[in-house]
Amino acid sequence: RAVAGGMACLRDGPDGVTIVSPAAGAPSDSAALGRWCRENVQELRRLVYSKGGVLLRGWEVRSVRQVEALVFDEAGFAPMESYPPAFIRFNLRAKRLGVPPGGLTQDRLSRNAPDAQEGVMQNPHQEFGLGVFRPRLVCFFVEVAPAPGTGPTARVYLPDALERLSPELRGLLRTHGWWVRHAGATQPCLLSHPETGCESLQLYCFSRTLSAVAHQAYLEVRASERPDLPYVESIPYDGPLDFPITLVSPDGSRRFELPRKQALEFYRAIFSTTSLLFWQDSDILLFDNLLYGHMRFPGPPPRKLHAIFADEIDTRGWAPADAPECVRAGALARAPSSTELVLAQAGAGGRVWLLRVLECLPDCLFEPAGRLFWVDGGGYATKKRREEGVRGRRVMAADGAGGGGPPPPGPGR
């Protein structure tokens, strides 16, 4: 589209993303990228917080520390609330000993993303979508990209998904509140985006009930509208959360579960508007967590991504002007902070006193404790389940089911 300062070339990519690459003959190292971001902060923020977001591609960025400096020092995004030091020390030690909780390691300013998995996809979600406090900025850094054409990340532009809903369901969401017990407060079902004026949806599917509903909706969409989407065996979640989509009456007097028919419509709108992004090494994607939901799609290893979050907000302050009374009242309630909610979901692993006790254990005891208690946790498919899925696909291939490939799309799958 343009050459900015002779250092970078901007062009339109798929799904409206703005791709920023080094200009011909210009330096492409991390220092040059940092200089471009520093000199174009306002334009960068405008692009990040609009449809598409920004994909920094073709730059010589090799480490997540360089990306952290880029996000916070050069581009000026604000860090989120800090985790307790004992929690960070626990995570780094667990990583060093090969027992990271659920395969994830939270560092001070970033964490790794889930590993590649064949046959299954991640639950569609917004980051920190369980609670009211969440980041606006989501940044993914690709240290090791999947093989070309495999392991994409899917994104959903939530204003488009909202438009796909029936007038009846849109009206229901507009006039009711959104309730997740763990958030501690009634939230708006619809969020008003400040820069664009678009209305967006809530999206968080890490729940045993919702995972099953979402998977059924995905298969229906793939069979009827989007045959280009890959076959997905399941959307696995084996964590502790199990809740439906729950709405609150306008006056706050009662809560009720969204009927399954409408929950399926909700997720069909999500998947029908899904776009896929295939990664390259050193890619850096920055986008608005209020405008987009996302999920990891199936793919084989390797895949090594890091996630960075910034510009924390309280979603209750982003309610539409005509939000119901229950939402306005919920804005005054005390709700857990972003880190409080993460630590609460970590169970015993989020209790600082226990983390300090674990710090006293020598490595020879810490490592087996990790294998016994936390390495397979975190709500993603466990190693055992992943191995069972691989064995199941091999059995299907041996039996001649679909010639060893994914079954054809259809309502019966």
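Remarks
- Relative to its Kirkwood radius, the Cα radius of gyration of the range 1-65 gives an Rg/Rh of 0.94.
- Over all pairs of different C-alpha atoms in the range 143-187, the reciprocal of the mean inverse distance, the Kirkwood hydrodynamic radius, equals 14.1 Å.
- Sites excluded, GluC sites (Glu not before Pro) in DSSP loops with at most 14 other C-beta within 10 Å, longest stretch of the chain: 226-413
- Solvent-accessible area, 1.4 Å probe, carbon plus sulfur percent, for the chain: 55
- Radius of gyration and Dmax over the Cα atoms of the range 155-287, both given in Å: 15.7, 52
- For the range 96-188: Kirkwood Rh in Å [reciprocal of mean 1/r, alpha carbons]: 16.9
- Whole-number D in µm² s⁻¹ for the chain, Kirkwood Cα-pair radius fed into Stokes-Einstein, 25 °C, 0.890 mPa s: 109
- Percent of Cα pairs exceeding the 28 Å cut-off, where the set is the range 9-151: 26
- Normalised by 2.2 N^0.38 Å, with N the number of residues, the alpha-carbon radius of gyration of the range 73-139 equals 1.29.
- Near Trp179, once Lys and Arg are set to +1 and Asp and Glu to -1 for all other residues with Cβ below 13 Å from its Cβ, the sum equals +3.
- Computed about the Cα centre, the dipole magnitude for the chain is approximately 700 debye when only Lys and Arg (+1) and Asp and Glu (-1) carry charge, each at its Cβ.
- Heavy-atom accessible surface of the chain, averaged per residue, reaches 42 Å², computed with a 1.4 Å probe.
- Taking only the C-alpha atoms of the range 37-109, the Rg (one decimal) and the largest Cα-Cα distance, Dmax (whole number), read 15.5, 42 Å.
- Charge tally in the Cβ shell below 14 Å around Glu340, where Lys, Arg are +1 and Asp, Glu are -1, Glu340 excluded: 0
- Furthest towards positive pole of dipole, Tyr218, Ile284, Leu70, structure part the chain, Cβ charges: Tyr218
- Space enclosed by the convex hull of the alpha-carbon atoms of the range 181-254, per residue, Å³: 156
- The range 221-262: equivalent-ellipsoid semi-axes (sqrt of 5 x gyration tensor eigenvalues, Cα, Å): 31, 17, 7
- Lysine pair number, Cα distance threshold 24 Å (strictly under), the chain, separation 8 or more or different chains: 5
- What separates the Cα centres of the range 349-371 and the range 53-95 is a distance of 25 Å.
- Taking the charge dipole of the chain about its Cα centre, with +1 at Lys and Arg Cβ atoms and -1 at Asp and Glu Cβ atoms, the residue from Leu165, Ala147, Thr105 reaching farthest to the positive side is Thr105.
- Normalised size of the range 279-332, defined as Cα radius of gyration per 2.2 N^0.38 Å with N residues, equals 1.72.
The values are calculated or read from the model by the stated rules, or taken from the named source; none is laboratory data. A quick note: this is a predicted structure, and the numbers were derived from the prediction, not measured. Ideal geometry is used to build each Cβ from the backbone, glycine not excepted, and the neighbour counts take in all protein chains shown. For accessibility, only protein heavy atoms count, side chains too; no ligands or nucleic acids. Shrake-Rupley method; radii C 1.70, N 1.55, O 1.52, S 1.80 Å.
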